[in-house]
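Here is the structure we will look at.
Rule-based calculations on the coordinates, nothing more; no lab input. Bear in mind the structure is a predicted one, so any value in this text is a computation, not a measurement.
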Amino acid sequence: QVQLVESGGGLVQPGGSLRLSCAASGSIFGINAMGWYRQTSGMQRELVAIDVSGGAANYADSVKGRFTISRDNAKNMVYLQMNSLKPEDTAVYYCNALLRTSAYSNSVYSLWGQGTQVTVSS
């Protein structure tokens, strides 16, 4: 009943920027972490950035210094600001959230969005 919906993908030239958004909706008791992953055809899904509630953000080495993850807890949103984009950043980007099972539980489950295409090409 909880859904994650990504938006903001598109086609950009190398060196350009995009900002991805992910909105969580439905019966949400709490979000322990939200992050972004990406996957290209034939490749495994890899972590791009993750923000742990109350903790630090972590980034893949390939995007450090270029991408920034941010959260809007009141709106159950997570964003990924992508600057200085490179062709190798081309992928389907997926939003992921670790959601609390209930208001009184520390247990979480993982939920994925449908993905948004990011293409970096001249």
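In table form, for the structure just shown:
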| quantity | calculated |
| --- | --- |
| Square roots of five times the Cα gyration tensor eigenvalues for the stretch 1-67, Å | 23, 16, 13 |
| All-pairs alpha carbon distance profile, the stretch 56-112, 5 Å steps from 0, percent | 4, 13, 21, 24, 17, 11, 6, 3, 1 |
| Fully extended contour minus Cα-Cα distance, from Q13 to I28, at 0.36 nm per residue | 1.7 nm |
| Segment V108-Q81, length gained on full extension (0.36 nm per residue, minus Cα span) | 7.1 nm |
| Cα gyration tensor, the stretch 29-85 - rounded (a/c under 1.5), prolate or oblate | prolate |
| Candidates A60, A24, A103: whichever shows maximal mean-square fluctuation once the chain is modelled as a Gaussian network with Cα springs under 10 Å | A103 |
| Derived scalar couplings ³J(HN,Hα) [the stretch 66-77; Karplus, 6.51 cos²θ - 1.76 cosθ + 1.60; whole Hz; x for Gly, Pro] | 10, 10, 9, 9, 9, 10, 10, 5, 5, 9, 6, 10 |
| Rg ratio (alpha-carbon, reference 2.2 N^0.38 Å) - the chain | 1.04 |
